[in-house]
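Undergrad: One structure, pasted below without further comment.
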Amino acid sequence: MKKIKRREVLKSVLPGALALTMPTIIPARAFGANERVRVAVIGFNSRGKDHISNFMKLANVEVAGLCDVDKKVLQSTAADFEKKYGKKPKIAQDMRTLFDDKDIDAVSIATPNHWHALATVWACQAGKDVYVEKPASHDFNEGRIMIRAAEKYQRIVQNGIQLRSSAAIQEAIQHLRNGLIGNVYMARGVVFKWRPDIGDKGNSPVPEGLDWNLWQGPAAERPFSENYVHYNWHWFWDYGNGDIGNQGAHEIDLCTWGLDVGFPDEVSCTGGKFLWKDCKETPEVLSATFKYPKAGKLIQFEVRPWMTNREDELEVGNIFYGDKGYMTVNWYDDYKTFLGQKREPGPSRKAGGDHYLNFIEAVRSRDKSKLNGPIETGHVSAGISHLANISYRLDRSLKFDPKNEKFIDDAEANQMLSRKYRAPFELSEKI
């Protein structure tokens, strides 16, 4: 079977307005074949821990800096790091300290969503390459700003959608392109994760060691609450994007990749809170539809908390529908196909990949086209989740112009493509 090439991947996921020129990047400094790449990890109470361990597994890569706004988390993680690896990293509560450090080559951002764009832009301006967690952005317009920053400062920027580097998923995409299941007219993404009642802890004093001002950053100022720190910020609009923009960023990305589409022409989303009387702002249950009438394609997306049924054994994953069969993708590295009216098993495979290694290879070569998950694809996957959330919050269907990245004749919806940033953490559209 022909292996899908990275350049073919990029061509397939950057249709229309996103088909940007991608020149070879001029390095801030040239890396020798055996020269160590020094990475700083920003935020590691959750996903950042995986960033640390995965970068430290790579040859000639060193996590040289650690940053977290919670001093207790920072100090304990630094102590654990020194004990495990026998090295003492530089530490900082303010990410700008490490961005200004000339010994740091790249940064890996695992902060809450509302910091992703500004941190990426600051890092690019400081001459650092960037690995940024999903979703790439917290608000729609941020994605385009991040793309411009990467281009202007000639930086390598990888979005943390790991399935892009999975050998099995790359093979699955090739099957879809080659017509294994026929005309692929619809993709369905599902996210069924246990999201329990979080209650309402109200406001309380800021814990010792936490820089609450830095934690909030560009978001609107609020009193401190344990409702937000350190995980449940996902369910509040100022900081997170609900599960469609959390876990769903992976599945939306695969939907668009498999269908070979970008932003939709129409979006409709409904849902709500039906289970818990807690303080979450984002919906527990959400159903979204994205239409591509010119391409004759459709994306359906479903978010449900347990308890719930699975869909063809999927709790988190994707289903692609064609006129000759269908394909299921379980999480990030496992696909199966079922062909004909009898749903006879077709090709299948389970195999992962190394998204961090892919990033480092692009950093070393200074070749953006080697990235499996460039910021351009991150803009699409995150952006589509933002369109769904806007439709949900306005409680109506919306028409969208993919070329100009604006809603059609809808000033109210267009205002929600961005947000007001809190000084001094403003993010300007002029980079």
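Undergrad: Output the qualifying pairs, or none if there are none: Cβ atoms under 6 angstrom, residues six or more apart or on different chains, first residue in the range 295-309 and in the same structural domain as Val191 (by TED's automatic domain parsing) and more than 13 Å from Tyr321 (Cα to Cα), second residue surrounded by fewer than 16 Cβ atoms within 10 Å (Cβ to Cβ) and not polar (S, T, N, Q).
TA: Note: pairs meeting the criteria are Trp306/Trp194.
Undergrad: Looking at the structure I just gave you, is Ala388 outside the structural domain of Val63 (by TED's automatic domain parsing), closer than 25 Å to Cys124 by Cβ and either in a strand (DSSP E or B) or hydrophobic (A, V, I, L, M, F, W, C) (or both)? Write out each step before concluding.
TA: Working: outside the structural domain of Val63 (by TED's automatic domain parsing): yes; closer than 25 Å to Cys124 by Cβ: no; either in a strand (DSSP E or B) or hydrophobic (A, V, I, L, M, F, W, C) (or both): yes.
For Ala388, the condition - outside the structural domain of Val63 (by TED's automatic domain parsing), closer than 25 Å to Cys124 by Cβ and either in a strand (DSSP E or B) or hydrophobic (A, V, I, L, M, F, W, C) (or both) - is not met.
Undergrad: So, one more: List every residue pair whose Cβ atoms sit under 6 Å apart, with the two residues 6 or more apart in sequence or on different chains, where the first one lies in the range 144-171 and is part of a helix (DSSP H, G or I) and the second, anywhere, is buried (at least 23 other Cβ atoms within 10 Å of the Cβ) and aromatic (Phe, Trp, Tyr).
TA: Ala168/Tyr335
Undergrad: Right, here's the next one. Is it true that Val229 is buried (at least 19 other Cβ atoms within 10 Å of the Cβ) and closer than 30 Å to Val206 by Cβ? Give the derivation first.
TA: Details: buried (at least 19 other Cβ atoms within 10 Å of the Cβ): yes; closer than 30 Å to Val206 by Cβ: yes.
So Val229 passes the test.
Undergrad: State whether one or more residues within the range 177-194 are under 22 Å from Trp215 (Cβ atoms) and either crowded, with 24+ Cβ neighbours inside 10 Å or not polar (S, T, N, Q) (or both).
TA: We begin by selecting, within the range 177-194, every residue under 22 Å from Trp215 (Cβ atoms); these are none.
Within the range 177-194 (the criterion being under 22 Å from Trp215 (Cβ atoms) and either crowded, with 24+ Cβ neighbours inside 10 Å or not polar (S, T, N, Q) (or both)), the answer is no, since none of the residues qualifies.
Undergrad: Suppose we filter the range 50-67 for residues that are in contact (Cβ under 8 Å) with a residue 60 or more places away in the chain and either aromatic (Phe, Trp, Tyr) or in a strand (DSSP E or B) (or both); how many remain?
TA: 2
Undergrad: May I ask you to list the residues in the range 294-347 that are in a loop (DSSP other than H, G, I, E, B) and either within 14 Å of Ile169 (Cβ to Cβ) or touching a His at 6+ places or on another chain (Cβ under 9 Å) (or both)? First the steps, then the outcome.
TA: In the first step, residues of the range 294-347 are kept if they are in a loop (DSSP other than H, G, I, E, B); the result is 294-296, 306-310, 312-313, 315, 323-324, 331-333, 340-343.
Answer for the range 294-347, where residues must be in a loop (DSSP other than H, G, I, E, B) and either within 14 Å of Ile169 (Cβ to Cβ) or touching a His at 6+ places or on another chain (Cβ under 9 Å) (or both): Trp331, Tyr332, Asp333.
Undergrad: Among the residues of the range 195-206, are any touching a residue at least 24 places away in the same chain (Cβ under 8 Å), in contact with a Ser or Thr (Cβ under 7 Å, 6 or more places away or on another chain) and assigned by TED's automatic domain parsing to the domain that holds Ile390?
TA: No, the range 195-206 contains no residue that is touching a residue at least 24 places away in the same chain (Cβ under 8 Å), in contact with a Ser or Thr (Cβ under 7 Å, 6 or more places away or on another chain) and assigned by TED's automatic domain parsing to the domain that holds Ile390.
Undergrad: So, in the range 259-287, how many residues would count as being surrounded by 24 or more Cβ atoms within 10 Å (Cβ to Cβ) and small (Gly, Ala, Ser)?
TA: Qualifying residue count for the region: 1.
Undergrad: Taking Asn213 as meeting all but one of (1) surrounded by fewer than 17 Cβ atoms within 10 Å (Cβ to Cβ); (2) of a type outside the set (Lys, Arg); (3) assigned to a loop (DSSP other than H, G, I, E, B), write down the number of the exception.
TA: Every listed condition holds for Asn213 apart from (3).
Undergrad: What's the number of the only condition in (1) surrounded by fewer than 20 Cβ atoms within 10 Å (Cβ to Cβ); (2) aromatic (Phe, Trp, Tyr); (3) at pLDDT below 95 that Tyr321 fails to meet?
TA: Here Tyr321 meets the rest and fails (3).
Undergrad: Could you check the range 78-133 for strands (runs of 3 or more DSSP E) lying wholly inside it with 2 or more residues that are at pLDDT 95 or above and under 22 Å from the mean Cα position of the chain (by Cα)? So that I can check it myself, show each step before the final result.
TA: Details: elements: 90-92, 106-109, 129-132.
In the range 78-133, the matching strands (runs of 3 or more DSSP E) lie at 106-109, 129-132.
Undergrad: Under the condition of being among the aliphatic types (A, V, I, L, M) and surrounded by 15 or more Cβ atoms within 10 Å (Cβ to Cβ), which residue from the range 36-60 is farthest from Val107 (Cα to Cα)? Talk me through it step by step, then tell me what you get.
TA: Filtering the range 36-60 down to residues among the aliphatic types (A, V, I, L, M) leaves 37, 39-42, 52, 56, 58-59.
Among the residues that remain, those that are also surrounded by 15 or more Cβ atoms within 10 Å (Cβ to Cβ) are: 37, 39-42, 52, 56, 58.
Values: Val37: 10, Val39: 5, Ala40: 5, Val41: 6, Ile42: 7, Ile52: 11, Met56: 13, Leu58: 15 Å.
Selected residue: Leu58.
Undergrad: Name the one entry in Glu315, Glu361 that is closer than 28 Å to Ile181 by Cα and not small (Gly, Ala, Ser). Walk me through it before giving the result.
TA: Values: Glu361 fails: closer than 28 Å to Ile181 by Cα.
Matching residue, one of Glu315, Glu361: Glu315.
Undergrad: Given the conditions (1) touching a residue at least 40 places away in the same chain (Cβ under 8 Å); (2) more than 30 Å from Ala110 (Cβ to Cβ); (3) basic (Lys, Arg); (4) part of a strand (DSSP E or B), report the number of the one that Lys291 does not fulfil.
TA: Lys291 satisfies every listed condition except (1).
Undergrad: State whether one or more residues within the range 195-204 are assigned to a helix (DSSP H, G or I) and in contact with a helix residue (DSSP H, G or I) (Cβ under 6 Å, 6 or more places away or on another chain).
TA: Restricting attention to the range 195-204, the residues satisfying the condition of being assigned to a helix (DSSP H, G or I) are none.
No, the range 195-204 has no match at all.
Undergrad: Scan the range 68-77 for residues that are part of a helix (DSSP H, G or I) and in contact (Cβ under 8 Å) with a residue 12 or more places away in the chain and report the count. Give the steps one after another, and end with the answer.
TA: Within the range 68-77, the subset part of a helix (DSSP H, G or I) is 71-77.
Imposing the further condition that a residue be in contact (Cβ under 8 Å) with a residue 12 or more places away in the chain reduces the set to 71-75, 77.
Matching residues across the range 68-77 total 6.
Undergrad: Can you give me the number of residues within the range 391-426 that are among the aliphatic types (A, V, I, L, M) and surrounded by 24 or more Cβ atoms within 10 Å (Cβ to Cβ)? Reasoning before the result, please.
TA: Initially, the range 391-426 is screened for residues among the aliphatic types (A, V, I, L, M), giving 394, 398, 408, 411, 413, 416-417, 423.
Narrowing the set further to residues that are surrounded by 24 or more Cβ atoms within 10 Å (Cβ to Cβ) leaves none.
Result for the range 391-426: 0.
Undergrad: Failed condition for Gly242, given (1) crowded, with 22+ Cβ neighbours inside 10 Å; (2) in contact with a strand residue (DSSP E or B) (Cβ under 8 Å, 6 or more places away or on another chain); (3) on the phi < 0 side of the Ramachandran plot, with all others met?
TA: Here Gly242 meets the rest and fails (3).
Undergrad: Only one residue in Ile109, Ile104 is in contact with a Leu (Cβ under 7 Å, 6 or more places away or on another chain), β-branched (Val, Ile, Thr) and either within 30 Å of Lys430 (Cα to Cα) or surrounded by 22 or more Cβ atoms within 10 Å (Cβ to Cβ) (or both), so which one is that? Show your work before the answer.
TA: Numbers: Ile109 fails: in contact with a Leu (Cβ under 7 Å, 6 or more places away or on another chain).
Testing whether each residue is in contact with a Leu (Cβ under 7 Å, 6 or more places away or on another chain), β-branched (Val, Ile, Thr) and either within 30 Å of Lys430 (Cα to Cα) or surrounded by 22 or more Cβ atoms within 10 Å (Cβ to Cβ) (or both) leaves just Ile104.
The values are calculated or read from the model by the stated rules, or taken from the named source; none is laboratory data. It should be emphasised that the depicted structure is a prediction, and the values quoted were computed from it without experimental measurement. With ideal geometry, Cβ positions are generated from the backbone for all residues, glycine too; neighbour counts draw on all protein chains shown.
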